[in-house]
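Below is one structure; the comments refer to it alone.
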Amino acid sequence: MLARIWSASIIGIEAVKVGVEVDVSGGLPKVVIVGLPDAAVQESKERVQATLKNCGYYFPMRKILINLTPADLRKEGPSFDLPISIGILAASEQVKAELLGDHLFLGEVSLDGTLRPVAGVLPIAAAAHKMGITGLVVPTDNVKEAAVVEGLSVYGFDNIFDVIDFLNSPASFSPVEINAAEILARPKFTGLDLKEVKGQNHGRRALEIAAAGGHNLIFVGPPGSGKTMLARRLPGILPPLTFEEALEVTQIYSVAGLLKDRGSLVSDRPFRSPHHSASGPSLVGGGSFPRPGEISLSHRGVLFLDELTEFNRNVLEYLRQPLEDGVVTISRTRLSVEFPAQFTLVASTNPCPCGYYGDPIQQCTCSSRQREQYWGKLSGPLMDRIDLQVMVSRLKPEEITRQETGESSVDVRERVRVARDIARHRFREETGLSCNAQMQSRHFPKWCNLDDSSRSLLEGAIRKLGLSARASDRILKVGRTIADLAGDEGLKPAYVAEAIQYRTIDRIQ
């Protein structure tokens, strides 16, 4: 007898519907899986056979052919265990087949019948709803992330016994419901507050501008000046994720298998901080079946690169295309996938190998040649893409011992939220724009129009600092954000002048 059941496979962060066809026919007992299965899928026939026997079900001692369609799509992972099990039971008439046509099944099966969670359930749930699938059956540990998708009946089960009971008597079970709006509305606190930062008003101001406009930022200063302390407090002043943004981030974490510690929906902006020994593929993603890297895991959030100049230069060059385009494209012989990568880059570094170049107290021991080689690790095109370049000085003794605290993250976040709302309203008719850092040159005449004084100021800075066209565009974007924080529609000379001062360390030698 022939039975057909639906499952799905992940390509990048997109889901593809997969048909699991099970044919039980005469012949010598044998289980054959065709349709480009990987090793994990091939091994499922052994798991499924042992599971069904251990759970007391009859396993047909006949020839069983399992065909995974489409046949030219590579299938990977253990998520086909459950649909293969149900397909065999349906083909041998041990379970009713009425629901198999409009439900999709996912899950790894243990030898005792327990269902184990699998990765990528959220994008599969979203795709299933678009495909016209009415119900999704998943392990209990995956049910909350899948239930985020509206209009899809999601059922979570602990073991294969419950799945079979559901198929034989569906009226006895109710789908799981999740209130996504309630999850996003919960108050969030990172535990790292700006009020804990002493002094560094210039750095705090740069953080606020970066948060309000989504601008990339680098802190340069001697050891112990507070660079890392400042950077780690950026998530606390970022505006909350919208529902659409939360879905995007959650899908990435679901595919990467990192969702179990973050609940059903990623409700806070990601903050990723890879070590300087990280490889290129770990940053951009990769593998024979491409998986997202640190860049995509930072989508809609922050990628923090501490000790930037300690990273391999070739690795840093991987950042250039994602910073410009907001996506990472990974090509393989048989496929090409895109991962979203709209993130805010925050970096920190010392001004020289010893760390004390320009320090008023401790003398630098580096030669000009050493400093040149040190900064040579950062290419000009990469630095051009960093909007805010901030020198962080050593704290003065009176600042270190001062007891009063600075402005809290809550107060700064409110100003950031208002500025972001202004930008979002400005871009309401533009697809794909949510903050000022995403503006293109074509938007400048409308939203970054300069008067004569501002234009003359910018032209002088370009000549004096030797800025590229890209760097001048970044100045206009930062100036637009500063104006939004001030609640001003025009781009006044004061805003342009403040934006220019954040380009004064394009190159330090």
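The values are calculated or read from the model by the stated rules, or taken from the named source; none is laboratory data. Quick caveat: nothing in here was measured; it's all calculated off a predicted structure. Here the Cβ positions follow ideal geometry from the backbone for every residue, glycine too, while neighbour counts run over all protein chains shown. Heavy atoms of the whole protein, side chains included, go into the accessibility calculation; ligands, DNA and RNA do not. Shrake-Rupley method; radii C 1.70, N 1.55, O 1.52, S 1.80 Å.
Quick one: which of 389-395, 421-427, 148-154 comes out on top by average Cβ neighbours within 10 Å, and what's the full order, highest first?
Going by the mean number of other Cβ atoms within 10 Å, highest first, we get 389-395, 148-154, 421-427.
Measure off 7 Å from each Cα along the Cα-to-Cβ vector at K53 and V32, then give the distance between these two points in nanometres to one decimal.
Inter-label distance under the simple model: 2.2 nm.
Quick one: accessible area per residue over region 92-154, 1.4 Å probe, rounded to a whole number of Å²?
Values: 2430 Å² over 63 residues.
Normalised by residue count, the accessible surface of region 92-154 is 39 Å².
Sort 174-180, 216-222 by packing, meaning the average of other beta carbons within 10 Å per residue, with the highest value first.
216-222, 174-180
Within the accessible area of region 273-430, what % is carbon and sulfur when the probe is 1.4 Å and the other protein chains stay in place?
The value for region 273-430 is 47 percent carbon and sulfur by accessible area.
Could you tell me which of the pairs K227/K260; K53/K96; K198/K464; K17/K75; K396/K464 are separated by over 22 angstrom between their Cα atoms in the structure shown?
K227/K260; K198/K464; K396/K464
Write down the percent of antiparallel bridges among all DSSP beta bridges whose residues are both part of the chain, to the nearest 5.
Within the chain, antiparallel bridges account for around 45 percent of the total.
Roughly to the nearest percent, how much of the accessible area of region 28-88 is carbon and sulfur, given a 1.4 Å probe?
Carbon with sulfur: 57 percent of the solvent-accessible area.
Work out the length of the dipole vector of the chain about its Cα centre, built from +1 on the beta-carbon of each Lys and Arg and -1 on the beta-carbon of each Asp and Glu, and round it to the nearest 20 debye.
Approximately 1280 debye in magnitude.
Under the 0.36 nm per residue contour assumption, what length would be gained going from the current alpha-carbon distance of R320 and R332 to full extension? The partial results should precede the final answer.
Working: separation 12, 0.36 × 12 = 4.32 nm, distance 2.03 nm.
Computed gain between R320 and R332 is 2.3 nm.
Could you tell me which trypsin sites (Lys or Arg not before Pro) in region 293-341 are loop residues by DSSP with no more than 14 other beta carbons within 10 angstrom of their beta carbon? Before the final figure, lay out the partial values.
On the way: sites: R300, R313, R320, R332, R334; in loops: R300, R332, R334.
Sites meeting the loop and neighbour criteria: R332, R334.
Rounded to the nearest 500 deg cm²/dmol, what is the calculated helix-only ellipticity per residue at 222 nm for the chain, with -39500 (n - 2.57) per DSSP H run of length n ≥ 4?
-10500 deg cm²/dmol, from helical runs alone.
With charges set only on the Cβ (+1 for Lys and Arg, -1 for Asp and Glu), what does the dipole of region 96-216 come to about its Cα centre, in debye to the nearest 20? The partial results should precede the final answer.
Working: 10 positive and 15 negative charges, 170 e Å.
The calculated dipole for region 96-216 is roughly 820 debye.
Over the chain, what is the relative contact order in whole percent, taking alpha-carbon pairs under 8 Å and six or more residues apart?
Computed value for the chain: 13 percent relative contact order.
Which of the peptides 448-457, 492-501, 345-354 is most tightly packed, and how do the rest follow, judged by the mean count of other Cβ atoms within 10 Å per residue? Walk me through the numbers before you get to the answer.
Working: 448-457: 15.3, 492-501: 19.8, 345-354: 22.9.
For the peptides 448-457, 492-501, 345-354, the packing ranking is 345-354, 492-501, 448-457.
Treating cross-link reach as a plain straight distance, find the aspartates and glutamates whose alpha-carbon is under 12 Å from the alpha-carbon of K492, omitting any fewer than eight places away in the same chain.
D451, D452, D484
If the cut-off is a Cα-Cα distance under 17 Å, which aspartates and glutamates reach K45, setting aside same-chain residues fewer than 8 apart in sequence?
Reachable aspartates and glutamates: E21, D23, E76, D81, E108, D112.
Of all the accessible heavy-atom surface of region 455-509, with the other protein chains kept in place and a 1.4 Å probe, what percent is carbon and sulfur?
With neighbouring chains kept in place, the figure for region 455-509 is 50 percent.
Figure the gain on full extension for I505 and Q363 (residue separation times 0.36 nm, minus the Cα-Cα span) and round it to one decimal in nm.
Additional length available on full extension: 49.1 nm.
Could you tell me which GluC sites (Glu not before Pro) in region 374-432 are loop residues by DSSP with no more than 11 other beta carbons within 10 angstrom of their beta carbon?
Answer by residue number: E404, E429.
Taking the Cβ of V24 as the centre, find all other residues whose Cβ is under 12 Å away and add up their charges (Lys, Arg: +1; Asp, Glu: -1). Don't jump to the answer; show the numbers that get you there.
On the way: positive: K30, R62, K63; negative: E21, D23, E93.
Local net charge: 0.
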